[in-house]
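The structure appears right after this line, and notes come after that.
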Amino acid sequence: MAPTTRLVAKRYARPLGGRREVLENMSTSQTPSPIFAIRTIPGRGRGLFALIDIAQGTRIATEAPFFTLPNIDSLNVLEVSILRRLEGLSSTQQQQFHALYNNFVGQEPPLVGIVRTNVLGINPQIDAIFPTFSFINHSCVPNAYYSGNEDVRLGSLYAIADISAGDEITIKYGDHARGHTGFQCNCQLCISSLGNRIHSDIQRDRIKVLEAQIEHRVEIQHEACLEDLREMKELLLEVYHNCPGTSLAWVYFTASQVAASQSDLARASVFAERAYRARRVCEGEDHPYVKCYKMVRDDLSLRKDYRSTDFRETGFDKVPKHLGLEEFEDWLWTWE
């Protein structure tokens, strides 16, 4: 991980529940990949680079961690607990761990600093340290998405955009804010013109406002909520160059809830299908969240507040078949 661009990276989707047990050491290997390579970046450390063209939705890699530990935000990380986990690794794995970047030199004990610098979430309760994924750098407009899968106890990396051979593979740390509080971001957006950065900051701030507003309105102000969701969708597509990751899936998933609560099964079915497809691009067919989205797509009655009113009742057969793209979007997001 680039030494000037790496801090704690807590990244997981909105939780739908998860096991709380602490997973212990897992076997892992670093066999050469035909898809990517770890390369030195002058002045920035190391990063992952594509060796071939990678299509959107491709699973770039799946990796077992060196070890796992309870969510580091919920406890004090002690060196003794890390040492105990290191004892279960081979000498080669221990060397790989000690070679990881430490962004907290002089602030934390060395082992604790390495963990805090390179941690990724398996689920909201369990964190992990990975041998290869620790080298994935941040971008405010990422082309990949890291996902922890507690069902198989592995981490996976998916292309959320088409990636060309030679491109760096990047993910986004944290929320929608541009840059990061712990380091100087050198992604293409952050080194672009001041005007571009200001415009992006305004849009990202608006996304966060909309997200909070939607969560407040979702059960009580359905029409206004749908308008907010449409605005958030359009902002996400612009800010993230049409590849916004799981945030777009959340927008569609929430829209399906709003429509289903009004018995508008036509719109709810379209939103649910889009939510499933957007989530699958980021996490693959076997991820528990994707399975959940698929279940809802196939059975809208699983939605919260399903048909709580028939005020805007439509059937599945009422989805328009012959509208143009813009006309269809207007129909989808607008209640007459």
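Just so it is clear, none of the values below were taken in a lab; they were calculated from the coordinates. All values reported here derive from a predicted model rather than from experimental measurement. Virtual Cβ from ideal backbone geometry, glycine too; neighbours counted across all protein chains shown.
One table, with the values for the structure above:
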quantity	calculated
Whole-Hz couplings from phi, Karplus 6.51/-1.76/1.60, listed for the range 159-167; x for Gly and Pro	7, 9, 9, 5, 10, 8, 4, x, 6
Long-range HN-HN contacts of Ser263 with modeled amide H, under 5 Å	Arg307, Ser308, Thr309
Most fluctuating residue given options Thr314, Thr58, Thr254, as computed from a GNM of the chain linking Cα atoms under 10 Å	Thr314
Contact order relative to length of the chain, as percent, for alpha carbon pairs under 8 angstrom and 6 or more apart	18
Long-range HN-HN contacts of Val119 with modeled amide H, under 5 Å	Ala9
Most mobile of Gly155, Gly106, Gly45 in a GNM of the chain (Cα contacts under 10 Å)	Gly106
Sorted by Cβ neighbour density within 10 Å, fewest at the top, the residues Cys282, Cys185	Cys185, Cys282
For Thr170, distant residues with modelled amide H under 5 Å away	Asn143, Ala144
Check: the chain dipole with +1 on Lys, Arg Cβ and -1 on Asp, Glu Cβ, in debye	880
The chain, helix-only ellipticity at 222 nm - DSSP H runs n ≥ 4, -39,500 (n - 2.57), divided by all residues, nearest 500	-11500 deg cm²/dmol
Any cysteine of the chain lacking a neighbouring Cys Cβ under 4.7 Å - listed by number	Cys140, Cys187, Cys225, Cys243, Cys282, Cys292
³J(HN,Hα), Karplus 6.51/-1.76/1.60, whole Hz, each residue of the range 142-153, x for Gly, Pro	x, 10, 9, 9, 8, 9, x, 10, 6, 5, 10, 6
Count of lysine pairs in the chain with Cα separation under 23 Å (8 or more residues apart, or interchain)	15
Listed residues Thr309, Thr132, Thr170, most fluctuating in the chain (Gaussian network, C-alpha, under 10 Å)	Thr309
